[in-house]
1. Could you give me the residue pairs with C-beta distances under 8 Å whose first residue belongs to segment A:418-437 and is buried (at least 17 other Cβ atoms within 10 Å of the Cβ), whose second residue is outside any helix (DSSP H, G or I) and of a type in the set (Ser, Thr, Tyr) wherever it lies, and which are 6+ apart or on separate chains?
2. Which of the numbered conditions does A:Thr67 fail, given that it passes all the others? Conditions: (1) crowded, with 24+ Cβ neighbours inside 10 Å; (2) more than 26 Å from A:Thr216 (Cβ to Cβ); (3) modelled with pLDDT of 95 or more.
3. If I go through segment B:109-119 residue by residue, how many of them are more than 7 Å from every other protein chain (Cβ to nearest Cβ) and either part of a helix (DSSP H, G or I) or at pLDDT 95 or above (or both)?
4. Which residue is surrounded by the most Cβ atoms within 10 Å (Cβ to Cβ), if the candidates are limited to segment A:116-140 and must be at the interface with another protein chain (Cβ under 10 Å from one of its Cβ atoms) and not charged (D, E, K, R)?
5. Could you please find all residues in segment B:38-93 being of a type in the set (D, E, K, R) and in a loop (DSSP other than H, G, I, E, B)?
6. Name every residue in segment B:130-145 that is within 18 Å of A:Gly189 (Cα to Cα) and buried (at least 18 other Cβ atoms within 10 Å of the Cβ), in order of residue number.
7. Go through (1) facing chain B (nearest Cβ under 8 Å); (2) in a helix (DSSP H, G or I); (3) among the basic types (Lys, Arg) for A:Lys143 and report which single condition fails.
Amino acid sequence: MSNRIPYSKVNEDVLRPLFKPTPGYLALLFTAIGFMLFGGYCWSLQLEYGLGVGGYNPPVMWGVYITTFVFWVGIGHAGTLISAILFLVRSRWRTGVYRASEAMTIFAVMTAGLFPILHAGRCWYAWWLFPYPNQRELWPNFKSPLVWDVFAISTYLTVSAVFFYVGLIPDFAAVRDKWRGTIGKIYNGLALGFRGTDRQWHHYMAAYGFFAAFATPLVVSVHSVVSWDFAVAQTAGWHSTIFPPYFVAGAIFSGCAMVITLLVPMTKIFKWENYINIWHFEHLAKLCLLTGSIVTYAYGIELFIAYYSDYIYEWGIFYYRPTGDYAWVFWMMFSCNCVIPLVWWFKKVRTSLAGLFIISIFINIGMWFERFNFIASSLAHMHDPGAWTYYTPSWIEVGILCGSFGWFFMWFLLFLQVGPAVAIAEIKESVRPPLRSDEEAA
Amino acid sequence: MSRVKGVFAHLDSLVDAIDALKQAGVSDLQVAAPLPRHEIAELIYEGRPSPVRWWTMIGAITGGIGGFSLASLSSTVWPMAIPGGKPIVSVPPFMVITFECTVLLGALATLLGLLYHCRLPAVGMDEELTDPRFMNDHFGILVKGEESAKVCKILHDNGAVEVVGGA
């Protein structure tokens, strides 16, 4: 990023695409809405006929919905890593990409939050998941990882949304000052009348640091808690202490890949090369290489521990995954997560937009299959051979999976039209301020 | 009461002006800027950290105690021996709830502290500070209740591109 961009140009460049939907944008938006509506239709069928149409038959009672839940929660993690952890360590490359990554986090966690509700079947009782005072004094079992998950995801969504909104306040104020009239009034409300006074900035920066400090442990804790949904169970292939770090690394791996998938086209369409460019993408690709290596190592260690445990059920499931009914899933996962991203070790590939975009899509696909691999295969092939089965997703589940992508992209595309997707105030912090001494020297 | 607004196009001019005003004994001044700058904060808030941190700490402690209490007290309402040999009040699993509630209430209390100390939503803000240039590429100073001629001179001398107001 150039260090000599005038402040006014930052405002102009970032605010230019707002409220100007192009035909291409509208086509994408309506496609996303179409997918979402199709997912909604599939859900309505499930509500009418029951979870059986969602492919749920014993012993496989967790399928595509839980797979997709874990996938979307994982996607969210990269946004928090970029916005919080990289803020605390003062990483310069975060500035251009963090706002869009944070937006991705919010919409991904919103999407993930739908799946436990879908999975529960009778979604109108979903509020039973939360503790509330009641006449019978019934409370959730706080020793259950499923209740930890409710707390972890709710906290994550709330804290991420607050962090995201607080970051947007100064930029909403910039939108207000560009557009007067009704838009100006709406954005003045969203900015809470923020004017950038010394008092406001002083407390704002202190609070922002605390939000980052709170969000940082959430990056590690949320996916650890999600992993305990599996690891605390006795199911072979799940009951492993390696799950928390393995899940966290996988989450960051898939999340960074999704950031690349979203930002490469966005940067080209909005002509934001001054703010988001190859330098940023290369850092994201390196982060993917690091976390992808951890994920590959975890696959190997899992396999070794299964062998070394000398526990036939554990070894049986790990033998079954690459050689049994789900071998295609396993090898899809392995090639997309462990082999294909290796081409990013070549600088030429990781500094080419096409190379970044294509590989990132493979990682997204591979990480969805990773979750499907361990969820479906372990349940379909549990301890009792008489109960073994082969589970494949029903078209209702596939429809809801597609609907979730529609829902996610609809929110993301709407945000691109109404909110500054690059952080104006922080970009200004990273460029050289206007100085009289510079002008005099020139 | 006199009110003087100075508009600056350069950060170093603004910092010089704040310094000169403070040297001249001006205490009631407000600065507007499109971004947070440590030069401004150091001149105005030297040695005075934001009290938002107390909100954060109190929120986090309340959340932690509340989370652990919720999990342990609700477990003692129906003191059934859960298979697996865990005690009724099991500290390790309850730490997850404690941690989540610490973070949740700490963050929400920080938000309340931020809104309170920043006076947000800002109602009845000084009109001079609502200049749209201050969220774009200019800086501003508003001085109230001082001898306007003296303030105007300081602002002009330090490179203000515009000085408005007076007695």
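1. A:Val422/A:Tyr275; A:Ile427/A:Tyr275; A:Val431/A:Ser2
2. (1)
3. Going through segment B:109-119 one residue at a time, the tally reaches 4.
4. Selected residue: A:Pro140.
5. B:Glu46, B:Arg48, B:Lys86
6. B:Asp131, B:Phe134, B:Met135
7. Only one criterion in (1) facing chain B (nearest Cβ under 8 Å); (2) in a helix (DSSP H, G or I); (3) among the basic types (Lys, Arg) is unmet by A:Lys143, namely (2).
For every residue, the table says whether it meets (1) crowded, with 19+ Cβ neighbours inside 10 Å; (2) assigned to a loop (DSSP other than H, G, I, E, B).
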residue	(1), (2)
A:Ile294	no, no
A:Phe304	no, no
A:Trp315	no, no
A:Arg321	yes, no
A:Asp325	no, yes
A:Cys336	yes, no
A:Val339	no, no
A:Leu342	no, no
A:Lys348	no, no
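The values are calculated or read from the model by the stated rules, or taken from the named source; none is laboratory data. Source: prediction; values computed, not measured. A quick note on method: Cβ atoms are made from the backbone with ideal geometry, for glycine too, and the neighbour counts reach across all protein chains shown.
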